[in-house]
Amino acid sequence: MKTKILSILVAALALMSFSAGRPIHIFMIGDSTMANKDTTNGKTERGWGMMLQQHLKGNIIVDNHALNGRSSKSFIDEGHWKEVIDLVQPGDYVFIQFGHNDEKPKADRHTDPGTTFDANLRRFCQETRAKGGIPVLFNSVVRRNFFNNKNASAEDDLRRENMGNPVEGDTLIDTHGAYLDSPRNVAKALGVTFVDANKITHDLEQKMGREGSKKLHMWVAPNTIKAYPKGKQDNTHYNIYGATLVSKLIIKQVKKQVPALKKYIK
C-alpha cells in the first residue's frame, strides 16, 4: 500500500514539475498533407501541420514529424514512430492523421481499413497513453476531386506538372472510402478524441467550389512562380493560403473537443 502511494506521489510531483517548466508538446505524425515542406527558392507548398503553431499561444510547441509519402505502416517500419514516442512526456499530445498513403497498393505502405490500418492507429494511441500522453485521431483531409477520378490517389506520387483539363462537376467526390472510418472507429473503441478533418475540409472545398477551391492547392500557372516554371496542377497538397486556412479550421475544432487545450488556442 505504501509503495502504491509513493508511486502516485512521485508521478504527481513529476507532472507538477513538467507543467511548471517544459512546454507542452503537440507531436504530429502523418503524411504530406500535414508535413513540413521545403521553403527554399520561393517554394510555396505547405502541410497544414506546418502552419499550426501560428494559431497557438502560451507554453506549447508544435513538433511536426509528419513525412511525405508515409502511411501508418511505413511510418512505423522506418523507425519514425519510435523516434516520436521516445520523445513523448506526460501531458504531451500526439496528433495522428494517416490514410492518403495507406490506401495505395505498394506493399511497403498499404494497409486495410478494419484490420491492419486500425491496428496501427491503436498502437499509436496505446503507446502514447503508456507514456502519459494524449492521442488525438484525425481522418484524412480531402483531395480536391470534382470528377470521377480513378487515379486521384496515384497522382499524389506522380506529382505531374500538368494533370490535363478533365471535365469537372459541381460536387466534390470522395477518394478515401473506408479509410475515413478507421480513425473514428478506433477513437470510439479506445475513448480517444476524434476530429473529422475530412468533413472540415470537404465542407470548405465544396463551399469554395470547383474553381475557388484551387486557391487552396498547388495550382500554379506557368511562369508565375520561379520555383515552378512549368506550373503545377496538384489537387492534394496545400499552398500557404490553403494550409493556413485548413490548420485554423482544424484547431478550431480541436478547441471544442479538447477542453484542456482551449487556453493555448488563439
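Counting only residues that are surrounded by 15 or more Cβ atoms within 10 Å (Cβ to Cβ) and at positive phi, the stretch 48-67 holds 0 of them. If you go through the stretch 97-111 and keep only what is open to solvent by less than 70 Å² (accessible area, probe 1.4 Å) and either part of a loop (DSSP other than H, G, I, E, B) or in contact with a Cys (Cβ under 8 Å, 6 or more places away or on another chain) (or both), you end up with 98, 99, 100, 101, 102, 103, 104, 109, 110, 111. Assess whether residue 207 counts as being more than 20 Å from residue 149 (Cβ to Cβ) and either of a type in the set (Phe, Trp, Tyr) or in contact (Cβ under 8 Å) with a residue 24 or more places away in the chain (or both). In short, no.
As a summary of the residue check, residue 83 satisfies the conditions (1) in a loop (DSSP other than H, G, I, E, B); (2) farther than 26 Å from residue 188 by Cα except for the one numbered (1).
Against the condition assigned to a loop (DSSP other than H, G, I, E, B), of a type outside the set (Phe, Trp, Tyr) and modelled with pLDDT under 95, how does residue 152 come out, does it pass? Spelling it out, residue 152 is indeed assigned to a loop (DSSP other than H, G, I, E, B), of a type outside the set (Phe, Trp, Tyr) and modelled with pLDDT under 95. A single entry from 171, 201 fulfils the requirement of being among the polar types (S, T, N, Q), within 20 Å of residue 242 (Cα to Cα) and open to solvent by 30 Å² or more (accessible area, probe 1.4 Å): 171.
Find the residue count for the stretch 155-166, including only residues that are open to solvent by 90 Å² or more (accessible area, probe 1.4 Å) and either at pLDDT 80 or above or under 12 Å from residue 234 (Cβ atoms) (or both).
4
Residue-wise test of (1) aliphatic (A, V, I, L, M); (2) on the phi > 0 side of the Ramachandran plot; (3) in contact (Cβ under 8 Å) with a residue 12 or more places away in the chain; (4) surrounded by 18 or more Cβ atoms within 10 Å (Cβ to Cβ).
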| residue | (1), (2), (3), (4) |
| --- | --- |
| 232 | no, no, yes, yes |
| 235 | no, no, yes, yes |
| 246 | yes, no, yes, yes |
| 258 | yes, no, yes, no |
| 263 | no, no, yes, no |
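Can you name every residue in the stretch 26-36 that is open to solvent by less than 30 Å² (accessible area, probe 1.4 Å) and not hydroxyl-bearing (Ser, Thr, Tyr)?
26, 27, 28, 29, 30, 31, 34, 35
For the stretch 112-126, give me each residue that is open to solvent by 60 Å² or more (accessible area, probe 1.4 Å) and closer than 25 Å to residue 254 by Cβ. Matches in the stretch 112-126: 122, 123, 126.
Scanning the stretch 15-51 for residues that are hydroxyl-bearing (Ser, Thr, Tyr) and either farther than 26 Å from residue 131 by Cα or modelled with pLDDT of 95 or more (or both) yields 32, 33, 39, 40, 44.
The values are calculated or read from the model by the stated rules, or taken from the named source; none is laboratory data. As the structure is a computational prediction, the values presented were derived from the model and not from experiment. Here Cβ is always computed from backbone atoms with ideal geometry, including for glycine, and neighbour counts include all displayed protein chains. To get the accessible areas, we keep the full protein, side chains included, count just its heavy atoms, and leave off ligands, DNA and RNA. Shrake-Rupley method; radii C 1.70, N 1.55, O 1.52, S 1.80 Å.
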